[in-house]
1. Taking loop as defined by DSSP and a crowding limit of 14 other beta carbons within 10 Å, which chymotrypsin sites (Phe, Trp or Tyr not before Pro) in segment 130-224 fit?
2. Enumerate the amide H contacts of Ala380 below 5 Å, restricted to partners 5 or more residues apart or on another chain; note that Pro and chain-start residues carry no placed amide H.
3. Could you line up Phe425, Phe79 from fewest to most neighbouring Cβ atoms inside 10 Å?
4. Computed over the Cα atoms of segment 123-348, what is the convex hull's projected area averaged over all directions, in nm²?
5. In terms of modelled amide H atoms, which long-range or inter-chain residues lie less than 5 Å from the amide H of Met374?
6. For segment 366-425 and segment 333-347, write down the distance between their C-alpha centroids in whole Å.
7. Over 21 Å, how big is the tail of the calculated P(r) for segment 349-419, in percent of all Cα pairs?
8. Under unit Cβ charges (Lys, Arg +1; Asp, Glu -1), what dipole magnitude, rounded to 20 debye, does segment 235-338 have relative to its Cα centre?
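Every number in this text was worked out from the coordinates using simple rules, so none of it is lab data. Just so we're clear, the structure is a prediction, and the values are computed from it rather than from any experiment. Note that we place each Cβ from the backbone using ideal geometry, even for glycine, and neighbour counts take in every protein chain shown.
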Amino acid sequence: MAGDDAKDSKELHQMLHPAENSPSHSQFLTVTASPRRRQATPTDAASAHSVCLVEVAPGDSCFCDTDGDSSWKMPLSHFTNRKSSKTTEDGRNLTKSIRQYYKAQDKLIEEFETLAEKGYTDEESLIQESLMNKAAVRLSQLSFAANLLLLVAKSVAVALSGSFSVISSLVDSAVDLLSGVVIWYTSRAVKQSSPYNYPSGKRRLEPLAIVVLSVIMSLASFQLIIESIQKIVTYTSDKSGTPRFEIPTIVITASTVVVKFGLFLTCYLVGKRHGGLSSSVGVLMQDHRNDILSNSMALVCGYLGSYEFAQKTGEQNVVFIDPAGAAVIGAYILVSWWNTGLEQIRMLTGVSAKPEFLSKITWICLNHNHQITMIDTVRAFHFGNRFLVEVDIVLPKEMMLDATHEIGESLQQKLESLRDVERAFVHVDWETEHRPEAEHRID
């Protein structure tokens, strides 16, 4: 049993600590969830509240504040005093990984300070979220209109030049139209709640739509790569049909780069203004960034592989540059959207939250009510773009049902007020002798 306690304590500490392999002397989050099969030891004989500690801080650190009504709470000063200056000049002699560790540590302490200063119900975040959803709809409409105009303009450029690089840009714009429609639809659908048909909301439509888009974009890019390779093979035996890249084509392609840069900058500024990017705005921003790079390469490669450049230099082998550039553009778009799709799939399949977020949840639970004697389990995993949180708290065995319900429900509401939490479930128990597999089915 002692071996199980030590193993469980180590696992829970690793789960809550923001840097698993960081130096032990600089570990700052000293309070962990109570190991299973272990009874809490009261920290104060006069207090009914107890917290199980794993000692990784100096021995004179005391988390029991004896002054005031909040004496049972964890003093914030024990964390703020551990803020490090080793991320600046004081840490210039440290390795990059250690500086990153201290940076993550300071960021989590700042999260605790924000919770203590602003409270848990952040109305400002809710307002910002609503504004972000409206902005996502407007940006998707703007992007759709711009892509429609660019599609027409690029069709003219393809007809004039016959350049494979410009064709790749045209295919990209065509798929952009589809992505704009899908994102616009999902943004509207998320806003239209249906508590009976969709009790947990429709937010998972966003990552699902992004997965579908990533598949479509990847297939289109793959087909473009194949066509470009075939054109390169054709040029080895027959260099006829060299694309023309005259002034109208140059103007259209350059205008596309300018328009896409403006849309990219708009998405960036909207995200900065509202304190972060939603999935929809993030996808639009990524799409515009890809278009800037792809159209810039189409402009350069299309001209270098054109009839005009071949006549100017007297070198006929430059015709290979145009299809080669188209293949590079397709490969870049393929890899970019493939990675985006994988990231969204991980979220849809319920990947666990990072240790920093688990530490934040644990902090909230420990400081929620003085009747909570232990935190048995803290678990959070992706439920789409946000998290589903499960917390097991331990209350005195003799407490009445109405009192335990009030504590559990208020903690649940507090957790769900966090911006990154989709749903929170708080389970109340009176002991920690059980194992997790005894409560839930584990496949």
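1. Values: sites: Phe144, Phe164, Trp184, Tyr185, Tyr196, Phe222; in loops: Tyr196.
Filter output for segment 130-224: Tyr196.
2. HN-HN under 5 Å from Ala380: Ala353, Glu390.
3. Values: Phe425 14, Phe79 22.
By the 10 Å Cβ count, ascending: Phe425, Phe79.
4. Seen from a random direction, the Cα hull of segment 123-348 projects 12.9 nm² on average.
5. Answer set, sorted by chain and number: Val394.
6. So the two Cα centres are separated by 33 Å.
7. Looking at segment 349-419, the distances longer than 21 Å represent 26 percent of pairs.
8. It works out to roughly 420 debye.
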